[in-house]
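**Student:** One structure is given below, represented as structure tokens, and several questions about it will come after.
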Amino acid sequence: MHSTASDGALSPSELVAMAVDASVEYMALTDHDTLAGLAEAQQAASEAGLTLIPGVELTCLWNRRVLHLLGLGIDPDYPGWKDYEARLAELRITRAEKIAHKLVARGVPENILALASAQAGDGQIGRPHFARALLAAGVVSSENEAFDRYLGQGKAGDVKAEWPDIVEAIDIIRKSGGFSVLAHPTKYSLTFSRLRLLVAELAKSGIDGIEIGCPNVSRDQIGLLLRIADTLNLKISSGSDFHNPEMTWTRLGRFPAVESDRHLIHDFIRH
Ligand code: AMP
Ligand code: MN
């Protein structure tokens, strides 16, 4: 799940309250590139008797390709996180300035950076904040349209950044006591044979698992992903990628569990 610490709509404690209402027993908060929401989430979870799995979703590069790597069960107090988070925050701010520049060149209002920053508040700024800003400015009539026209793959606002290499991301997750899990493997526009190669390479580099269940994944894809995980002896995980109660494609606590009891990653995390 994502909170206002990155691009989610709810604060960490609001998320915990919603999770409790939905009878969720285990909840992983995995904000993009920041651990800033974890302390509040942990406090709220302890009070509510819910098990919080401290997490993060790290943006990283593998052969020039942007991948998202989840760290689950990490120790937020591991000293290495401070510098790593600061580096990511700087990358995001620099990228936001470049995105704004590109969008303004396309005729978007000049104050788009200020609008997107206001959407981000104290959270790590990302493309979803630009989508909300474009909607608020009346440039588009939905956030989806903002991605289709301005922010999605290959569009002006899809600005590349020098994210850390995935090997570094794997390393810090491991050193801080967590498991590294490739997020939403079906969302990288890869054929299954290329995905198999990618995951095999990542397994050599030391990832612990892959997400099998994620929004919009089909039953067939789940089968193929399970096979990849089995072949490479990787653990599996499932995530709702919950950002916003208004999103209709994923619901907190209503995301189907993967139909396999093998290697489920939360069994390996010390609660
Ligand atoms: P960022 O980390 O700033 O590059 O933003 C990535 C986030 O933007 C993802 O985690 C998604 O939540 C969202 N996103 C990316 N592509 C799309 C898209 N085509 N439509 C809607 N949301 C998207
Ligand atoms: Mn992601």
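**Student:** Whether any residue in the range 70-89 is among the basic types (Lys, Arg), out of contact with any strand residue (DSSP E or B) (no Cβ under 7 Å at 6 or more places or on another chain) and either within 19 Å of ALA133 (Cβ to Cβ) or assigned to a loop (DSSP other than H, G, I, E, B) (or both) is what I want to check. Before the answer, list the steps.
**Tutor:** First, pick out the residues of the range 70-89 that are among the basic types (Lys, Arg): 82, 87.
When the remaining residues are screened for being out of contact with any strand residue (DSSP E or B) (no Cβ under 7 Å at 6 or more places or on another chain), the result is 82, 87.
Applying the additional criterion that residues be either within 19 Å of ALA133 (Cβ to Cβ) or assigned to a loop (DSSP other than H, G, I, E, B) (or both) yields none.
For the range 70-89, residues among the basic types (Lys, Arg), out of contact with any strand residue (DSSP E or B) (no Cβ under 7 Å at 6 or more places or on another chain) and either within 19 Å of ALA133 (Cβ to Cβ) or assigned to a loop (DSSP other than H, G, I, E, B) (or both): absent.
**Student:** Checking the structure you have, find out if any residue of the range 186-194 is open to solvent by 20 Å² or more (accessible area, probe 1.4 Å), hydrophobic (A, V, I, L, M, F, W, C), more than 11 Å from ligand 1 (Cβ to nearest atom) and within 20 Å of ALA89 (Cα to Cα).
**Tutor:** No - not one qualifying residue is present in the range 186-194.
**Student:** Would you please list the contacts, defined by Cβ atoms under 6 Å and residues six or more apart or on different chains, that run from a residue in the range 7-24 that is at pLDDT 95 or above to a residue that is of a type in the set (Val, Ile, Thr)?
**Tutor:** Close Cβ pairs satisfying both conditions: SER11/THR4.
**Student:** All but one of (1) more than 12 Å from LEU35 (Cα to Cα); (2) within 13 Å of ligand 1 (Cβ to nearest atom) hold for ALA89; state the number of the condition that does not hold.
**Tutor:** If we test ALA89 against (1) more than 12 Å from LEU35 (Cα to Cα); (2) within 13 Å of ligand 1 (Cβ to nearest atom), just (1) comes out false.
**Student:** Now for a separate question. Could you please let me know if ILE166 is open to solvent by less than 10 Å² (accessible area, probe 1.4 Å) and in contact with a Cys (Cβ under 9 Å, 6 or more places away or on another chain)? Steps first, answer last, please.
**Tutor:** On the way: open to solvent by less than 10 Å² (accessible area, probe 1.4 Å): yes; in contact with a Cys (Cβ under 9 Å, 6 or more places away or on another chain): yes.
Taking the combined requirement at face value, the residue satisfies it.
**Student:** So ALA86 ticks every box in (1) open to solvent by 30 Å² or more (accessible area, probe 1.4 Å); (2) more than 23 Å from TYR188 (Cβ to Cβ); (3) in contact (Cβ under 8 Å) with a residue 60 or more places away in the chain; (4) among the hydrophobic types (A, V, I, L, M, F, W, C) but one. Which box is left unticked?
**Tutor:** If we test ALA86 against (1) open to solvent by 30 Å² or more (accessible area, probe 1.4 Å); (2) more than 23 Å from TYR188 (Cβ to Cβ); (3) in contact (Cβ under 8 Å) with a residue 60 or more places away in the chain; (4) among the hydrophobic types (A, V, I, L, M, F, W, C), just (3) comes out false.
**Student:** Name the residues in the range 7-42 that are of a type in the set (A, V, I, L, M, F, W, C), assigned to a loop (DSSP other than H, G, I, E, B) and closer than 26 Å to SER117 by Cα, would you?
**Tutor:** First pass over the range 7-42, keeping only residues of a type in the set (A, V, I, L, M, F, W, C): 9-10, 15-20, 22, 24, 27-29, 35-36, 38-39, 41.
Now drop any that are not assigned to a loop (DSSP other than H, G, I, E, B), which leaves 9-10, 22, 24, 35-36.
Scanning the range 7-42 gives ALA9, LEU10, LEU35, ALA36.
**Student:** Can you pull out the residues in the range 141-158 that are open to solvent by less than 40 Å² (accessible area, probe 1.4 Å) and near ligand 1 (Cβ under 9 Å from one of its atoms)?
**Tutor:** Within the range 141-158, ALA146, LEU151, GLY152, ASP158 qualify.
**Student:** Of all the residues that make up the range 117-168, how many are touching a residue at least 40 places away in the same chain (Cβ under 8 Å), closer than 18 Å to LYS102 by Cα, within 16 Å of ligand 2 (Cβ to nearest atom) and outside any helix (DSSP H, G or I)?
**Tutor:** 2
**Student:** Then there's this: Scan the range 53-67 and give yes if some residue there is open to solvent by less than 20 Å² (accessible area, probe 1.4 Å), of a type in the set (S, T, N, Q) and either under 20 Å from the mean Cα position of the chain (by Cα) or closer than 30 Å to LEU202 by Cβ (or both), otherwise no.
**Tutor:** Start the filter on the range 53-67 by keeping residues that are open to solvent by less than 20 Å² (accessible area, probe 1.4 Å), which leaves 53, 55-61, 67.
From what is left, the residues that are of a type in the set (S, T, N, Q) are 59.
Now restrict to residues that are either under 20 Å from the mean Cα position of the chain (by Cα) or closer than 30 Å to LEU202 by Cβ (or both): 59.
Yes: one or more hits.
**Student:** I've got another one for you. Can you confirm whether the range 217-236 contains a residue that is open to solvent by less than 10 Å² (accessible area, probe 1.4 Å) and closer than 30 Å to ARG95 by Cα? Please lay out each step first, then the result.
**Tutor:** Filtering the range 217-236 for residues open to solvent by less than 10 Å² (accessible area, probe 1.4 Å) gives 225, 228-229, 234, 236.
Still in the running and closer than 30 Å to ARG95 by Cα: none.
Checked against the condition, which is being open to solvent by less than 10 Å² (accessible area, probe 1.4 Å) and closer than 30 Å to ARG95 by Cα, the range 217-236 yields no hits at all.
**Student:** Could you tell me whether THR51 is within 17 Å of LEU252 (Cα to Cα), away from ligand 1 (no atom under 16 Å from the Cβ) and touching a helix residue (DSSP H, G or I) at 6+ places or on another chain (Cβ under 8 Å)?
**Tutor:** Numbers: within 17 Å of LEU252 (Cα to Cα): yes; away from ligand 1 (no atom under 16 Å from the Cβ): yes; touching a helix residue (DSSP H, G or I) at 6+ places or on another chain (Cβ under 8 Å): yes.
In short, yes.
The values are calculated or read from the model by the stated rules, or taken from the named source; none is laboratory data. The shown structure was predicted, so the numbers you read here are calculated from the model rather than taken from an experiment. Here the Cβ is made from the backbone with ideal geometry for all residues, glycine too, and neighbour counts use every protein chain on show. Just so you know, the surface numbers come from the protein's heavy atoms only, side chains and all, with ligands and any DNA or RNA stripped out. Shrake-Rupley method; radii C 1.70, N 1.55, O 1.52, S 1.80 Å.
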